[in-house]
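The structure appears right after this line, and notes come after that.
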Amino acid sequence: MESGAYGAAKAGGSFNLEEFLKRPETILRLLSSFFALIVFACILTDGYVSTPFDKEGKTHCIFNSNIDACHYGVGIGVLAFLGALAFLALDVYFPTVSNINTRKYIVLSDLGFAGLWTFLWFVGFCFLTNQWSVTRPDSFLTGGDNARAAIAFSFFSILSWFPLSTLALKRYKMGVDDFNPNYTDPNLSTASPYSSYPDAVSDNYQRPPFTQSAETDDGYKPPAY
């Protein structure tokens with residue numbers, strides 16, 4: 001991980017695409033977006049199907065006809081896909097940010113989003129698995145493979161978002177490496193005055209005291225009246 005402010009180099013450096021693609025955050029975000037795409041695409045493709053027992057021909061959610069299960073999988077999948085791409089774009093923009101507080105807020109939002117979606121994917125995996133386990137095998141003619149794929153990639157999403165949250169936490173704890181808030185100017189911390197100019201010569205001249213009367217050489221004295 002790069003050194004500097006919150007895991008990134010100081011602002012003003014050049015962008016290196018090869019190094020950026022090798023970063024663990026970049027790899028995990030690409031995997032997270034891919035897994036999320038698989039989940040909501042599988043549900044949207046074959047998650048809403050008709051059952052042979054429904055004479056009206058209405059579509060039902062393949063997960064035990066629980067429409068909430070399909071809505072949940074599609075919802076968190078779409079938001080996870082968009083969120084992963086958004087934070088991937090922020091990773092590109094992050095090294096150009098010179099304001100320390102702005103970097104801090106970006107890292108905190110990354111930590112919060114990754115932690116939240118780790119939890120939501122865990123709930124989604126448990127929810128979809130539970131609903132699929134009680135689904136009758138003869139309830140739907142098609143869509144079984146897509147349902148199992150959605151469950152599998154929900155689990156894979158947990159494995160991709162959890163490391164993202166730990167990396168964001170590490171970046172937040174790293175903070176600013178080269179900034180010390182307790183720094184004091186050494187010139188202000190010393191009590192000694194500024195040194196005098198080395199070539200200066202002290203002036204020892206003293207003005208002679210003022211005398212009220214002065215004696216003259218001719219011995220003249222003013223007349224008394």
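The values are calculated or read from the model by the stated rules, or taken from the named source; none is laboratory data. Since the model is a prediction, treat every value here as computed from it, not as a measurement. Cβ sites come from the backbone with ideal geometry, for glycine too, and all protein chains shown count toward neighbours.
Values for this structure:
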| read-out | value |
| --- | --- |
| Number of the exception - Arg103 against (1) at pLDDT below 95; (2) surrounded by 20 or more Cβ atoms within 10 Å (Cβ to Cβ); (3) in contact with a helix residue (DSSP H, G or I) (Cβ under 6 Å, 6 or more places away or on another chain) | (3) |
| Unique match (being in contact (Cβ under 8 Å) with a residue 40 or more places away in the chain and under 19 Å from Asn146 (Cβ atoms)) among Ala114, Ala41, Ala84, Ala36 | Ala36 |
| One residue from Val78, Val49 being β-branched (Val, Ile, Thr) and under 14 Å from Ser154 (Cα atoms) | Val78 |
| Selected residue (only one of Leu82, Leu88, Leu108, Leu141 is outside any helix (DSSP H, G or I) and among the aliphatic types (A, V, I, L, M)) | Leu141 |
| Filtered residues of the range 56-77 (kept if surrounded by fewer than 16 Cβ atoms within 10 Å (Cβ to Cβ) and part of a helix (DSSP H, G or I)) | Ile67, Asp68, His71, Gly75 |
| Selected residue (criterion: surrounded by the fewest Cβ atoms within 10 Å (Cβ to Cβ)) from residues of the range 148-178 that are β-branched (Val, Ile, Thr) and either on the phi > 0 side of the Ramachandran plot or in a helix (DSSP H, G or I) (or both) | Thr166 |
| So Thr129, is it of a type in the set (S, T, N, Q) and farther than 15 Å from Val49 by Cβ | yes |
